[in-house]
Amino acid sequence: MKVLVTGAGGQLGRDLAKALAGSAEPVLCDRAALDVTDAEAVRRMMLAEKPDAVIHAAAYTQVDRAEIEPDEAYRVNALGTRNVAVAAAEAGAKLACVSTDYVFDGKLGRPYRETDPPAPINAYGRSKLEGERFVRHLHHRSFIVRTSWLYGGGPNNFVGKILRAAREGRTLRVVGDEIGSPTYTADLAGFLAELVRTNLYGTYHAANAGFCSRYEQAVEVLRLAGLAHVPVTAINSAELSASAPRPKFSALDPMMIRLSGLAPLPDWRDALARCLAAH
């Protein structure tokens, strides 16, 4: 099975390369190899490679910057996704598109199911929701996979930043009023690699099981890293003065995974322990 991966240079893309190795023929496209905003380039790549499936992981993910440049977020997350959906359909490939918990407003008070109506409250979330709509309208053999609070083995994610700050002796002040489902990119990559082998099309919530606040996640990171002595202060999100509002409770309920008989992602604490042990 040939699987083309967009965004292969990112942390999820790197774990997808590992998840697909040995069981599939991966075609790994980082931004230099494939600019998803170039519709003709995407079409040429798809028709040249003729993959059996596409995992679309390329995205604009700078949540605060998207408030300043919403057109750029839309160009990548909405129009780039449109380009991939059109080209994948023309090439006869299934499409799995990675989306986000930020399509929700966080006001529901329980983990979001796939059937709950989206209501994004920031430019990033709106751009990702438009990408989802393009996929649904333009590709009938597709999976939309919403995930949340992604981290991996690299330094440029929440887990890496907490560890770096603690080791450098910096003061740790972490938001305690935002709740979500931290998700290890290796676990999400494994799920995506299995999902594209099926014909169980639809929308999925794929995040590590359970939920916590950013503060609770930070405390667990430090405990597992042997840095439990480092003090952490919980603060309100309003104290950060971030450009983009975030949903206060955006945990995801993997209802479709359960109903489809697919393997659920492990608990977020188990995933975090494996990530820190591996890296």
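The values are calculated or read from the model by the stated rules, or taken from the named source; none is laboratory data. Remember, predicted model here, so these are calculated numbers, not experimental data. For neighbour counting, all protein chains shown are included, and Cβ atoms are generated from backbone atoms with ideal geometry for every residue, glycine included. With ligands, DNA and RNA removed, areas are computed over all heavy atoms of the protein, side chains included. Shrake-Rupley method; radii C 1.70, N 1.55, O 1.52, S 1.80 Å.
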Does any residue of region 79-93 turn out to be in contact (Cβ under 8 Å) with a residue 60 or more places away in the chain, out of contact with any Ser or Thr (no Cβ under 8 Å at 6 or more places or on another chain) and in a loop (DSSP other than H, G, I, E, B)? yes
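So how many residues does region 16-27 have that are open to solvent by 80 Å² or more (accessible area, probe 1.4 Å) and either assigned to a strand (DSSP E or B) or in contact (Cβ under 8 Å) with a residue 60 or more places away in the chain (or both)? Spell out the reasoning first.
First, the residues of region 16-27 that are open to solvent by 80 Å² or more (accessible area, probe 1.4 Å): 18, 22, 25.
Applying the additional criterion that residues be either assigned to a strand (DSSP E or B) or in contact (Cβ under 8 Å) with a residue 60 or more places away in the chain (or both) yields 18, 25.
Number of matching residues: 2.
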How many residues are part of a helix (DSSP H, G or I) and open to solvent by 50 Å² or more (accessible area, probe 1.4 Å) when one looks only at region 135-157? 3
Can you name the helices (runs of 4 or more DSSP H) wholly within region 198-279 that have at least 2 residues being of a type in the set (Val, Ile, Thr)? 214-224
Just for region 40-57: of the residues that are touching a Leu at 6+ places or on another chain (Cβ under 8 Å) and of a type in the set (Gly, Ala, Ser), which one is surrounded by the fewest Cβ atoms within 10 Å (Cβ to Cβ)? ALA41
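A quick yes/no check of all residues on (1) more than 30 Å from SER181 (Cα to Cα); (2) charged (D, E, K, R):
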{"residue": "THR37", "(1), (2)": "no, no"}
{"residue": "ARG43", "(1), (2)": "yes, yes"}
{"residue": "ASP64", "(1), (2)": "no, yes"}
{"residue": "GLU67", "(1), (2)": "no, yes"}
{"residue": "ASP71", "(1), (2)": "no, yes"}
{"residue": "ALA78", "(1), (2)": "no, no"}
{"residue": "ALA89", "(1), (2)": "yes, no"}
{"residue": "VAL98", "(1), (2)": "no, no"}
Suppose we filter region 83-122 for residues that are surrounded by 24 or more Cβ atoms within 10 Å (Cβ to Cβ), among the hydroxyl-bearing types (Ser, Thr, Tyr) and over 16 Å from the mean Cα position of the chain (by Cα); how many remain? 0
Which residue pairs have Cβ atoms closer than 7 Å, lie 6 or more positions apart in sequence or on different chains, and pair a first residue in region 127-151 that is over 17 Å from PRO247 (Cβ atoms) with a second residue that is among the β-branched types (Val, Ile, Thr) and assigned to a strand (DSSP E or B)? VAL135/ILE144; ILE144/THR203; VAL145/VAL98
Screening ASP71, ASP38, ASP52, ASP30 for residues that are within 21 Å of LEU150 (Cβ to Cβ) and acidic (Asp, Glu) leaves only ASP30
Quick one: in region 1-15, which of the residues that are hydrophobic (A, V, I, L, M, F, W, C) and under 20 Å from the mean Cα position of the chain (by Cα) is surrounded by the most Cβ atoms within 10 Å (Cβ to Cβ)? VAL5
Within region 188-234, how many residues turn out to be β-branched (Val, Ile, Thr) and touching a helix residue (DSSP H, G or I) at 6+ places or on another chain (Cβ under 8 Å)? 4
